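The values are calculated or read from the model by the stated rules, or taken from the named source; none is laboratory data. Every value quoted in this text rests on a predicted model; they were computed, and no experiment measured them. Cβ atoms come from the backbone with ideal geometry, glycine included; neighbour counts cover every protein chain shown. Protein only, heavy atoms only, side chains kept; ligands, DNA and RNA dropped before computing areas. Shrake-Rupley method; radii C 1.70, N 1.55, O 1.52, S 1.80 Å.
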Amino acid sequence: MNCSCVGLLAHVDAGKTTLAEAILYRCGQLRSLGRVDHGDTAMDYDPLERERGITIFASQAHVEWKDWELTLLDTPGHVDFSAETERMLQVLDCAILVISGTDGVQAHTRTLWNLLGHYQIPTVLFVTKMDLARNSRADLLDGLRRELGDGVVDFSPDNADRDEALAMCAEAAMEEFLENGSIIPATLGDMLAAREFFPCFFGSGLKLAGIDEFLDAFTGLLKPRRWPEQFGARVFKITHDAQGVRLTHLKVTGGTLRVRDGLSYEGLEEKATQLRRYQGGRFTAVEEVFPGQVCSVVGLTAARNGQGFGTEAAAGSPVLEPVMHYRIGLPAGTDPRLVLPKLRQLEAEDPMLRLRWDPRLQELSVGLMGEVQAEVLKSMILDRFDLAVELGQGRVLYKETIDRTVEGVGHYEPLRHYAEVHLLLEPLPRGSGLVFATTCSEDKLDRHWQRLILTHLAEKEHLGTAIGAPITDMKLTLAAGKAHLKHTEGGDFRQATYRAVRQGLMQIPSVLLEPWYRFRLEVPTAQIGRAITDIKARFGSFDTPEDLGGMSLLRGRAPVAAMTDYARELAAYTRGLGKLALEVEGYELCHDPEAVRAAHPYDPEGDLDNTPDSVFCAHGGGFTVKWDKVFANMHLESVLAPKREAATPSQRRFSISEKELQAILEREFGSIKRPQYSASVWKGTSPEAVRTTDTPSSVTSARTGDSFSPRGRPEGEKPVLIVDGFNVIFAWPDLAALAQTDLEQARDRLMEILANYASFTRTETILVFDAYQVKGGKGERFDYHGVRVVYTRENETGDAYIERLLHDIGKNSQARVVTSDNLIQVSALRSGVIRQSTREFGEEIDRIYGDIEQYLRTHNRQRMGSVGENLGANP
């Protein structure tokens with residue numbers, strides 16, 4: 001049997017629940033029809049629903065008609081419960097949009113229509129209450145086409161022009177109609193699935209008029225689906241039964257779900273201990289559920305709305321969200337910390353509640369769509385937790401965004417912890433929400449760290465800096481990051497990520513956004529002037545008024561904050577004749593940002609739960625760096641600032657003596673047997689070299705193959721160069737390319753380059769290679785043509801060795817360290833040793849080799865034969 005999940009949607013009081021009763025009755029699921037006004041309908045079984053006479057919670061039932069099993073999802077019709085309705089759309093195969101024949105298309109009907117279009121759900125229209133309708137079927141159909149589009153087609157059995165109207169909806173239908181004079185059911189199924197037309201039926205749920213004909217035609221239009229063999233499912237609802245058992249309502253979209261099957265999600269592995277199929281308020285336990293069917297699973301403790309299992313992806317961000325928030329007033333003596341976990345159960349069922357605890361104000365607040373939802377929430381808290389709460393007056397829920405791109409940096413480095421994160425914060429068009437991405441190379445930061453950072457970005461509600469409102473309409477891109485091989489833990493990146501977002505926001509003024517309504521205002525024509533004046537005074541805009549014959553219609557936009565009390569005022573001056581329909585359109589620029597800032601004072605630096613400051617480490621302990629000083633202390637380069645030459649280090653000479661420096665080198669590398677060069681040769685002066693028994697008379701250029709004799713430094717200076725070997729290899733493109741195929745050859749090539757450099761510039765050169773992960777490595781030190789080469793021991797990083805050597809050398813302007821590793825550069829800064837990046841050192845190498853080649857061209861026209869003689873000659 002084919003399965004289809006069908007949603008019932010409507011404006012409040014349109015007759016949707018009555019239609020659901022009629023379908024259940026005609027499909028043999030009910031012995032008698034229930035009525036909303038009698039409080040005995042099968043789908044509205046909750047006491048709150050029966051008390052108020054409206055659908056508050058989505059419910060489900062299963063019916064069979066011919067060769068189809070239909071799962072009916074009855075959704076709330078009141079605008080305050082739109083979020084519940086939207087969650088159901090995630091799992092629908094088709095929707096039935098119910099419209100009252102007495103009222104026609106209402107404001108919330110248009111909202112639902114737009115949602116169905118957003119989720120691309122095939123839709124069928126059913127106009128009910130035709131036994132009470134004041135307008136003819138033709139007039140109603142004209143109104144539907146005017147409000148919803150020309151794709152609405154009358155599917156009444158007596159409509160002889162149906163196929164001709166259908167032919168106007170799609171090119172394939174037109175060709176088929178012209179060729180055959182009719183359109184076959186298979187084509188109609190394809191057109192419905194593609195939303196190329198919207199069949200419209202007429203009848204009465206209460207009188208059972210047109211129900212059988214509707215079910216026949218509706219199931220004839222449905223197109224059977226081929227479900228994947230691999231298991232997949234999506235959660236659309238979380239509830240708790242009367243015994244407090246957590247129920248995860250989901251639709252199986254592939255494979256089969258059986259009792260005791262394991263479900264993996266978000267690092268958890270849990271079993272489905274029971275499968276329930278609900279029929280209104282009653283359920284039947286089943287052993288397995290097949291593709292296309294809906295069930296409720298017992299045993300999942302942390303699944304959330306929109307969760308995907310198996311091959312099914314998680315649902316996207318919802319379109320509708322609350323625009324008002326209410327302060328929750330607890331009874332005297334109640335500890336909010338004990339109440340908060342209980343209220344989290346309700347938030348799990350309805351994520352749009354957006355429960356917030358403000359530590360500054362010591363108050364709870366909740367996001368709601370309106371006053372009716374507020375009253376229902378109070379009743380639910382009382383019934384479920386025996387807690388009588390009060391809700392304060394609704395306040396507009398503002399948001400914040402930015403108007404330019406900015407880089408945010410977060411650094412977290414208390415003792416034995418390390419993480420640094422660089423984020424790009426970019427503005428997006430209105431309604432985009434928050435988008436997270438990464439452009440960071442996996443060569444710089446491992447994939448699992450990048451995924452963790454993106455998770456931390458999404459898990460928290462980040463607050464702006466203007467009034468502490470949530471941020472929106474931004475793209476947050478991970479541009480760079482750094483972890484420590486030994487000290488980084490998962491929580492370190494959480495701290496660094498939060499601080500990076502906040503530090504970026506602190507650098508530029510926040511832009512305040514507020515929710516805006518799209519309104520439809522009907523007033524007697526004599527009072528249209530008053531209505532126009534009111535809308536202008538409320539900072540609204542509108543189109544040209546429309547004449548409705550004695551009434552005038554205004555359509556436009558206005559801020560939510562300015563329209564909260566207008567319905568009462570409208571009823572007063574029109575004596576009940578005016579009609580106002582409001583629909584949240586989205587967030588736009590705040591019409592009076594200064595007044596909002598004054599009404600919501602906020603100190604972003606004083607919000608310790610959302611600090612923009614970073615934590616760095618020095619002398620064995622962490623210290624806080626204010627957000628505006630982070631760029632001066634960060635370990636990675638800015639991703640926005642133009643690349644610039646490093647500042648010239650201070651040339652002040654410090655106190656370490658030549659004898660002390662020599663002692664350190666002898667301790668590390670043994671006695672230095674060869675005498676130091678004594679020649680004094682600088683650019684522009686005559687070269688002079690002193691040959692000794694331990695010094696090679698010439699070295700070979702790595703670029704040209706030419707030989708040359710070493711070039712000296714002024715007598716008495718003993719410069720020391722410490723090179724981070726692997727950092728240089730993988731920073732210089734030619735060596736990096738060589739290392740991809742032969743790392744040993746790349747090391748030898750670097751040693752050769754440095755040997756030439758050391759001989760020519762008279763520099764004591766130390767080359768350090770990291771052998772941290774070499775099992776059983778005892779370390780090695782040897783001399784390569786004047787270059788001191790070090791391989792560290794097992795479990796000793798090259799960073800650690802260089803840091804220790806720098807500490808021993810101390811402050812000395814004749815010592816340099818070459819690396820682009822920011823941790824080593826910081827150590828060099830603390831030690832007073834000059835820092836030089838791999839890029840800068842590469843440029844120096846190029847200059848030195850240029851000098852060598854220039855010298856060879858000038859003094860040795862016959863290449864290698866007379867190089868030694870020319871260098872040894874007196875000027």
TODO: Report the far tail of the P(r) of segment 82-194, meaning the percent of Cα-Cα pairs longer than 19 Å.
DONE: 52 percent
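Suppose accessible area is computed on protein heavy atoms with a 1.4 Å probe; arrange TYR265, TYR517 from highest to lowest.
Details: TYR265 10, TYR517 40 Å².
Ranked from most to least accessible, the order is TYR517, TYR265.
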Task: Inter-label distance, nm, simple model (7 Å from Cα along the C-beta direction), ASN180/GLU569 - done: 6.0 nm
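Taking the DSSP beta bridges in the chain as the whole, what percent of them are antiparallel, to the nearest 5?
Of those bridges, close to 70 percent are antiparallel.
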TODO: Estimate the FRET efficiency between ASP40 and GLU266 by the formula 1/(1 + (r/R0)^6), using the beta-carbon distance for r and 41 Å for R0, to the nearest 0.05.
DONE: 0.50
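Compute the Cα gyration tensor for segment 475-592, then decide on rounded, prolate or oblate, letting a ≥ b ≥ c be the square roots of its eigenvalues: rounded whenever a/c is under 1.5, prolate when a/b is larger than b/c in the other cases, and oblate in all that remain. Please list the in-between numbers first.
Numbers: a/c = 4.30, a/b = 4.12, b/c = 1.04.
In terms of gyration-tensor shape, prolate.
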- [ ] Set the Förster distance to 35 Å, then compute FRET efficiency between THR334 and LEU208 from the Cβ-Cβ distance, nearest 0.05.
- [x] 0.10
Task: Under 5 Å, built H, 5+ apart or other chain: amide partners of ASP46 - done: none
TODO: Distance between Cα centroids, segment 25-39 to segment 71-144: provide it in whole Å.
DONE: 21 Å
- [ ] Would you kindly compute the Cα radius of gyration of segment 40-107 and its largest Cα-Cα separation (Dmax), both in Å?
- [x] 13.3, 37
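Among 530-539, 595-604, 581-590, what's the highest-first ranking by average C-beta atoms within 10 angstrom per residue?
Values: 530-539: 16.3, 595-604: 13.1, 581-590: 18.3.
Answer by packing, highest mean first, reads 581-590, 530-539, 595-604.
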TODO: In nm, give the distance between the simple-model label positions of ASP846 and ARG31, each being 7 Å from the Cα along the Cα-to-Cβ direction.
DONE: 9.3 nm
Open item on the list: I'm checking a number: the convex hull volume of the Cα atoms of segment 169-252, normalised per residue, in Å³. What is it?
Closed with: 169 Å³
Open item on the list: So the label point goes 7 Å from the Cα of LYS66 along Cα→C-beta, right? Which residues of segment 166-187 then have their backbone N under 20 Å from it?
Closed with: 166, 182-187
- [ ] Would you work out what percent of the accessible area of segment 186-239, with all protein chains in place, is carbon or sulfur (probe 1.4 Å)?
- [x] 48 percent
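If R0 is 60 Å, what FRET efficiency do you get for LEU361 and ASP734 from their C-beta distance, rounded to 0.05? All intermediate terms of the calculation are to be shown ahead of the outcome.
Values: r = 61 Å, r/R0 = 1.02.
The computed FRET efficiency comes out at 0.50.
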- [ ] Have a look at LEU415, VAL396, PRO429 and report the one farthest towards the positive end of the charge dipole of segment 395-444, computed about the Cα centre with Cβ charges (Lys/Arg +1, Asp/Glu -1).
- [x] VAL396
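Figure the gain on full extension for GLU390 and ARG344 (residue separation times 0.36 nm, minus the Cα-Cα span) and round it to one decimal in nm.
Working: separation 46, 0.36 × 46 = 16.56 nm, distance 1.73 nm.
Working it through step by step, the gained length comes to 14.8 nm.
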- [ ] Give the residues of segment 220-240 whose amide nitrogen is closer than 19 Å to a point set 7 Å from the Cα of PHE290 in the direction of its Cβ.
- [x] 220, 222-234
TODO: Select from SER182, GLY15, ILE467 the residue farthest towards the positive end of the dipole of the chain; place +1 on Cβ of Lys and Arg, -1 on Cβ of Asp and Glu, and compute about the Cα centre.
DONE: ILE467
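Residue separation times 0.36 nm, minus the C-alpha to C-alpha distance between GLU744 and ARG50: what's the value? Present the calculation step by step, with values, prior to reporting the outcome.
Working: separation 694, 0.36 × 694 = 249.84 nm, distance 7.99 nm.
Result for the pair: 241.8 nm of gain on full extension.
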TODO: Beyond 22 Å between alpha-carbons counts as too far, so tell me which of LYS486/LYS629; LYS16/LYS207; LYS444/LYS629; LYS399/LYS626; LYS460/LYS629 fall in that bin.
DONE: LYS486/LYS629; LYS444/LYS629; LYS399/LYS626; LYS460/LYS629
- [ ] From the C-alpha gyration tensor of the chain, pull out the three semi-axes of the equivalent ellipsoid (sqrt of 5λ each), sorted largest to smallest, in whole Å.
- [x] 74, 30, 27
- [ ] Write down the percent of antiparallel bridges among all DSSP beta bridges whose residues are both part of segment 58-148, to the nearest 5.
- [x] 55 percent
Task: Net +/- balance of residues flanking SER541 in space, Cβ distance below 12 Å, scoring K and R +1, D and E -1 - done: +2
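Order of 541-547, 171-177, 69-75, 728-734 by packing, highest average Cβ count within 10 Å first?
Details: 541-547: 11.7, 171-177: 15.4, 69-75: 23.6, 728-734: 17.0.
In decreasing order of mean packing, 541-547, 171-177, 69-75, 728-734 become 69-75, 728-734, 171-177, 541-547.
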TODO: Return the distance in nm (one decimal) between the two label points of a simple spin-label model at SER379 and GLN230, each offset 7 Å from Cα along Cα→Cβ.
DONE: 4.6 nm
TODO: Take the Cα of VAL639, step 7 Å along the line toward its Cβ, and report every residue of segment 411-437 whose backbone nitrogen sits under 13 Å from that point.
DONE: 420-426, 436-437
- [ ] At 1.4 Å probe size, with no ligands or nucleic acids counted, give the accessible surface of HIS38 in Å², nearest ten.
- [x] 120 Å²
Task: Dipole moment magnitude, nearest 20 debye, the chain about Cα centre, only Lys, Arg, Asp, Glu C-beta charged - done: 2700 debye
TODO: Roll a 1.4 Å probe over the protein chains and send me the accessible area per residue for segment 462-588 in Å².
DONE: 41 Å²
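Nearest 20 debye, what's the magnitude of the dipole of segment 201-353 about its Cα centre given +1 on Lys and Arg Cβ and -1 on Asp and Glu Cβ? Intermediate results must be reported in sequence, preceding the final value.
Numbers: 19 positive and 17 negative charges, 32 e Å.
Charge dipole, segment 201-353, about its Cα centre: 160 debye, nearest 20.
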Open item on the list: Taking the Cα centre as origin and putting +1 on Lys and Arg beta-carbons and -1 on Asp and Glu beta-carbons, what dipole magnitude results for segment 299-381, to the nearest 20 debye?
Closed with: 280 debye
